[in-house]
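Data block below; observations after.
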Amino acid sequence: MRQIDLKKVSPLERRDARSLGVVTRRASCLLAVLLSLLCAAAGFLPARSSVAESLPNLGANIKQSSVSGLSSGAFMAVQIEVAHSSDILGAGIVAGGPFACAESDSAQAFPFWPTAVAQNAAQALYRCMKTDWGAPDPAASVKRAKELAVAGDIDPLDDVKDDNVYLFSGNEDATVTRPVVEAAKRFFEEIGVERGNIHPRRKGGQPCLPH
């Protein structure tokens, strides 16, 4: 294997290499967020498995479970909390948005249609991360959650109302902007979570939004 003598690499070449590494890492992060949002929009939620019933009893109370996540993980945490609300008592959402945020209208009718997948990706980027197309609509997320609950695809929404929800938005977060996190807060309010159970924060521990 050829070895490179770093002493012979110019400062400009080293700077370009470092810049390329930063861009690559950012692109990988963005791709991870988009894939997570697309999976959430398509309904790829952790399903209850019969395998869990055969595991040894460790004494854990499933009804005392909570879920937390950062960025793409925060979007998935919202999906899990709402979809499996009978087992989840709260969520920690750091830089995440409302339920079904990236699901386009086309995807509701044809989830795996290539055009719908492309629309989901665009919506994830321009409405659920940036807000070039406007901030997410909490009322639309509530409507979608109610439709899925009535169809029996997710747990009854009444189970969400007494949950504790922690939300955090960074002052300088340019990946998932603050209006997206604010939309998640309004989603939980409109779905019926008690206002005292919703804890929005930003850097420094200050409220993300006035109550």
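The values are calculated or read from the model by the stated rules, or taken from the named source; none is laboratory data. What you see is a predicted model; the values in this text were computed from it and never measured. Using ideal geometry, Cβ is built from the backbone for each residue, glycine included, and neighbour counts are taken over all protein chains shown.
Side notes on the structure shown:
- Options A183, A107, A118, A174; residue that is surrounded by 15 or more Cβ atoms within 10 Å (Cβ to Cβ), among the small types (G, A, S) and modelled with pLDDT under 95: A107
- Screening K185 with (1) assigned to a loop (DSSP other than H, G, I, E, B); (2) under 30 Å from Q64 (Cα atoms); (3) of a type in the set (K, R) gives one miss only, at (1).
- Odd one out for D16 among (1) in a helix (DSSP H, G or I); (2) modelled with pLDDT under 65; (3) surrounded by 15 or more Cβ atoms within 10 Å (Cβ to Cβ): (3)
Here is a yes/no grid of residues against (1) in contact with a helix residue (DSSP H, G or I) (Cβ under 7 Å, 6 or more places away or on another chain); (2) charged (D, E, K, R):
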| site | (1), (2) |
| --- | --- |
| A124 | yes, no |
| C128 | yes, no |
| D159 | no, yes |
| T177 | no, no |
| V180 | no, no |
| R202 | no, yes |
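- Checking S141 against (1) out of contact with any Gly (no Cβ under 9 Å at 6 or more places or on another chain); (2) among the small types (G, A, S); (3) within 20 Å of A77 (Cβ to Cβ), the condition it does not meet: (1)
- Selection over segment 103-116 of residues that are under 21 Å from V180 (Cβ atoms) and in a helix (DSSP H, G or I) gives a count of 3.
- Residues located in segment 82-102, provided they are more than 18 Å from G152 (Cβ to Cβ) and outside any strand (DSSP E or B): A95, G96, G97, P98, C101, A102
- Among the numbered conditions (1) of a type in the set (A, V, I, L, M); (2) in contact with a Lys or Arg (Cβ under 7 Å, 6 or more places away or on another chain); (3) modelled with pLDDT under 80, the only one that A100 does not meet is (3).
- Residue pairs meeting the criteria (Cβ under 7 Å; at least 6 apart or on separate chains; first on the phi > 0 side of the Ramachandran plot, in segment 69-85; second part of a helix (DSSP H, G or I) and β-branched (V, I, T)): S71/V33
- Residues satisfying the stated conditions in segment 129-154, i.e. outside any loop (DSSP other than H, G, I, E, B) and either closer than 28 Å to D173 by Cβ or charged (D, E, K, R) (or both): P138, A139, A140, S141, V142, K143, R144, A145, K146, E147
- Any hit, segment 152-165, residues being among the basic types (K, R) and under 18 Å from the mean Cα position of the chain (by Cα): no
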